[in-house]
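These notes are about the structure you will find just below.
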Amino acid sequence: MSDCYINGIANISAQPTSDPNLFLDEIISHKESIFRSHDPNYKEYIKPAAMRRMSKSVKMGVTAASMALKSSGVEMPDAIITGTGMGCKQDSEKFLEKILYDDEQFLTPTLFIQSTHNTVGGQVALGLGCKAYNLTYVQGAASFETSLIDAQLMLSEESEKNVLVGGIDEVAKNSTLLHKLDGQIKGDDINVIDLFNSGTGGTVHSEGATFMVLSGEKTENSYAKMVDIETISKASEVEIKDIIESFLDRQGVTMDSVDAVVLGNNGDIGYDHYYENLQTSIFSNTEQLCYKHLIGDYPVASSFGFWLGCKIFENNRVPSILKVNEVSAKKYDTILLYNQYLGKNHSIALLQRC
């Protein structure tokens, strides 16, 4: 695969991560199993009249996309590719409620139109006046990575293009609670900072958006080089270990040359063993970082790992709140990312400092 550079990035999460000048300098300690994002001032990016009709995911997506483009110095992308696990759930719920309460009469199409999964990509394009390639991927916990693979393929053919790639998911009143009923979300509220010591099934749930500007050409704004990315639908612990080793071998990289690994541990005792097996084997001598005790989990939460890697390269340091072992890297030039959800949708990515 040809070179792929991250030339701009922005993130909105349950922590104050929207300010590009801060890097987890202040931490919000959430104490619920379901919590919301820490919002920037959306009025700086969206006109109030338009914002009234936007759901949370659309506001997060449009704002994060604007911030990412600004950080890259790109005004108009050559493509917009988004990934989402659940789409615009809030508007979906409102539409279904109106069907019930109005007895299927006098329905307006607005909520239905805004409830589709590709709403965010469409709203970003409308705001920019962008008529280029626009696609949304809905691939569960691998939605963001699938979007990145599409962008990578596009850049392998036309390296000079700038591709805007994003991942967005939101909390909704009713559908999020369904995940609590089936055990995906913890039944009791906890101090989320202590998530990895919970010893119970399920995780904590939140929302967020990450957007990146990718190009095949390095610029003065480049944060990192995305060497490669891979997704695996389903695999055992042993298979994942072998897959990661093969993935690194294809890049000519050894574990000894990886400075840090960013892992998607989410406090679910039923599935965190995927990470723990790696942490005590091939990752045992590498600095290990986790982030879901800060931002919660949601289908595209792994996109936060990419933002994290870029910020580590930019600042050349790691906030102590992320560290989960005693190993400390002497430098940060190569970072490996690994995430899975419910034993499925595994993703591996390798980032290098430009």
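The values are calculated or read from the model by the stated rules, or taken from the named source; none is laboratory data. All values derive from a computational prediction rather than experimental measurement. Cβ coordinates were reconstructed from backbone atoms using ideal geometry, including for glycine residues, and neighbour counts include every protein chain displayed.
At a glance:
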item: Residue that is surrounded by the fewest Cβ atoms within 10 Å (Cβ to Cβ), among those in the stretch 203-218 that are part of a loop (DSSP other than H, G, I, E, B) and among the small types (Gly, Ala, Ser); result: GLY216
item: Residue in the stretch 26-46 that is part of a loop (DSSP other than H, G, I, E, B), touching a residue at least 60 places away in the same chain (Cβ under 8 Å) and at positive phi present; result: no
item: Selected residue (criterion: surrounded by the most Cβ atoms within 10 Å (Cβ to Cβ)) from residues of the stretch 45-102 that are at pLDDT 95 or above and of a type in the set (Asp, Glu); result: ASP78
item: Matching residues in the stretch 98-135 - criterion: being under 16 Å from ARG53 (Cα atoms) and β-branched (Val, Ile, Thr); result: THR108, THR110, ILE113, THR116, THR119, VAL120, VAL124
item: Residue within the stretch 310-328 that is over 21 Å from LEU148 (Cα atoms) and among the small types (Gly, Ala, Ser) present; result: yes
item: All positions within the stretch 246-270 that are within 17 Å of THR231 (Cβ to Cβ) and of a type outside the set (A, V, I, L, M, F, W, C); result: SER246, ARG250, GLN251, GLY264
item: Exclusive hit being among the β-branched types (Val, Ile, Thr), crowded, with 18+ Cβ neighbours inside 10 Å, assigned by TED's automatic domain parsing to the domain that holds GLY61 and farther than 21 Å from ASP39 by Cβ, set THR200, THR146, THR176; result: THR146
item: Those helices (runs of 4 or more DSSP H) lying entirely in the stretch 53-163 with at least 3 residues among the polar types (S, T, N, Q) and either over 28 Å from TYR341 (Cα atoms) or more than 18 Å from the chain's Cα centre (by Cα) (or both); result: 56-72
item: Filter pass, VAL261 being under 26 Å from VAL138 (Cβ atoms) and either in the same structural domain as ILE193 (by TED's automatic domain parsing) or in a strand (DSSP E or B) (or both); result: no
item: Contacts under 6 angstrom Cβ, first residue in the stretch 323-349 being under 26 Å from PRO299 (Cα atoms), partner assigned to a strand (DSSP E or B) and of a type in the set (Phe, Trp, Tyr), 6 or more apart; result: ILE348/TYR338
item: In the stretch 322-354, residue surrounded by the fewest Cβ atoms within 10 Å (Cβ to Cβ) [restricted to those that are part of a loop (DSSP other than H, G, I, E, B) and of a type in the set (Val, Ile, Thr)]; result: VAL327
item: Odd one out for VAL261, checked against (1) more than 14 Å from SER347 (Cβ to Cβ); (2) buried (at least 20 other Cβ atoms within 10 Å of the Cβ); result: (1)
item: Given (1) under 20 Å from ILE312 (Cβ atoms); (2) crowded, with 17+ Cβ neighbours inside 10 Å, number of the condition ILE232 does not satisfy; result: (1)
item: So VAL318, is it of a type in the set (A, V, I, L, M), touching a residue at least 12 places away in the same chain (Cβ under 8 Å) and buried (at least 23 other Cβ atoms within 10 Å of the Cβ); result: no
item: Residue in the stretch 163-186 that is nearest to LYS344 (Cα to Cα), counting only those that are modelled with pLDDT of 95 or more and among the aliphatic types (A, V, I, L, M); result: ILE185
